[in-house]
Amino acid sequence: MSTAWLLSSSIKAAILLAASGLGALLLRRSTAAARHQIWALGVFAALVVPLLSLVVPSLLSVGTPTLGAVRTLQANAVVITGESAGGSQVPWSWLALIWASGTLVVLLQLVRGQLGARRIARGSEPTLEKSWLVARREAAAALGLTREVGLKCSAMIGSPMTIGVVRPQVLLPAAADSWSPERLQTVLVHELGHVRRHDLLLQLGAQIACALYWWNPLAWLAAARMRSEREHACDDLVLGAGVRPSSYAADLLEVSRSISRAPRSHACACIADASRMEVRLRRILDVAAPRGPLGVGFRFAARGATIGCVVLIACTSAASEPKASSAAAPAADVSIGKPSVRDPEARPFQQPGLLPEDANYLAVVAIEVQRHAEDLKRCFEGRRRVNPALSGEVVIHWTITTDGKVPDQCITRDTVGDPEIADCVNKLVTDSRFPAPPGAAVSVEFPFVFRTGS
């Protein structure tokens, strides 16, 4: 994967995360579940857009449609050379290495948290207390949750928590034996709320986004806001189940006294987060705070808008995205000179099986291409100031209809690996004015060879 693709994907992801932050800000007077949904959709979009940025150009470049009888004309290479770029250069290889190292560090922390949660689960004992099982059944009924969720008791924790993405389990501390049935059911409603809302899976996605974009503060902000809003949303589920706000606030205060013994890991969802307890208590006791569930219309609109934004951003400059190629870039050429096209009157245009009128038309097309070659050289030299080692070949294929229009074009080969170079090649075709071909429409293919001079 090229550094250019990483940079392009990170910019697109930053735009999507910033849009999610703006959406959550606009919904500051709405429910916590709505804000959590917006942040989660932003994280999902940030994770998906790099893959779509690779897939969409390939889908758009499958080939040109057949317009009746289309003849294919293949030209000789247009050679673009540039002088050596001076001055300080950005060490892109080191940038990619630093990026990968940061991602690895965050991923290792994520794996460590997951392994810690599994270790706690293995050290816990399934509960056989009838009161606990009854409270779990009533809490699940209050939430409309039909999924089976394990219930265990652990001496390793001091606060109730939910762990497990595939097989969720609720862990209760040993002190839960002394809780009243009401408090036990309240705690279980909150913890099972995380299961119903798939909070652990969504938070895992947020942590992966933090690993991929570890240098971007928007990724960390999204993960932090999702943790905060998920707790508010589960508090709303508890209050929606008929629990009095004052009683719930008192239960939270009592449970939070043992929070110091709870492990700090994003692999679990803990009911008592001491760092934001005051904010939660104020919101719980605020009778004016909106607490309703997400409406179907809101879900549909939010997800539809997210999908639309992701596809739109992924398709942005899709034609300029380099296609994956296993071919290595050609060795640097030491020749220096202006861009040139082979003489249209030279013999190379007389390809085997090429009719004379096609050869003449191809020569005319080559002259038009040559008219824009200087622009392509300036584009190449500008990109070489960023990456002086740029070289390779870009092959572009386009169709010219009988009225001289270009209905479609696509890059069929790109060993340069620079999106802006590919964009300049595409622009050369779109800015050109080709005469109408004789007879039927023609399909033209031009290779552009970019060589680094000394």
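The chymotrypsin sites (Phe, Trp or Tyr not before Pro) found in segment 174-246 that occupy coil by DSSP, while having at most 13 further C-beta atoms within 10 Å, are TRP215. The slack between ARG147 and VAL311, meaning 0.36 nm per residue of separation minus the straight C-alpha distance, is 55.7 nm. Between ASP403 and VAL364, the modelled labels are 1.8 nm apart [label points 7 Å from Cα along Cα→Cβ].
Multiply the residue separation of LEU54 and LEU294 by 0.36 nm, subtract the distance between their alpha-carbon atoms, and state the gained length in nm to one decimal. Mind showing how you got there, number by number?
Details: separation 240, 0.36 × 240 = 86.40 nm, distance 3.35 nm.
Extending this stretch completely gives an extra 83.0 nm.
Looking at segment 386-454, which trypsin sites (Lys or Arg not before Pro) are in a loop (DSSP not H, G, I, E or B) and have at most 16 other Cβ atoms within 10 Å? Numbers along the way, then the final one.
Numbers: sites: LYS405, ARG413, LYS427, ARG433, ARG451; in loops: LYS405, ARG433.
The qualifying sites are LYS405, ARG433.
Subtracting the Cα-Cα distance of ALA301 and VAL386 from their residue separation scaled by 0.36 nm leaves 26.5 nm. Using a simple spin-label model with pseudo-atoms 7 Å out from Cα toward Cβ, GLN109 and ARG122 lie 2.5 nm apart.
With r as the distance between the Cβ atoms of LYS427 and LEU7 and R0 = 25 Å, compute the FRET efficiency 1/(1 + (r/R0)^6) and round to 0.05. The computed FRET efficiency comes out at 0.80.
Every read-out reported here was derived from the displayed coordinates using simple, explicitly stated rules and does not represent laboratory data. None of the values given here were measured: they were computed from a predicted structure. Quick reminder, even Gly has a Cβ in these numbers, built from the backbone with ideal geometry, and neighbours come from all protein chains shown.
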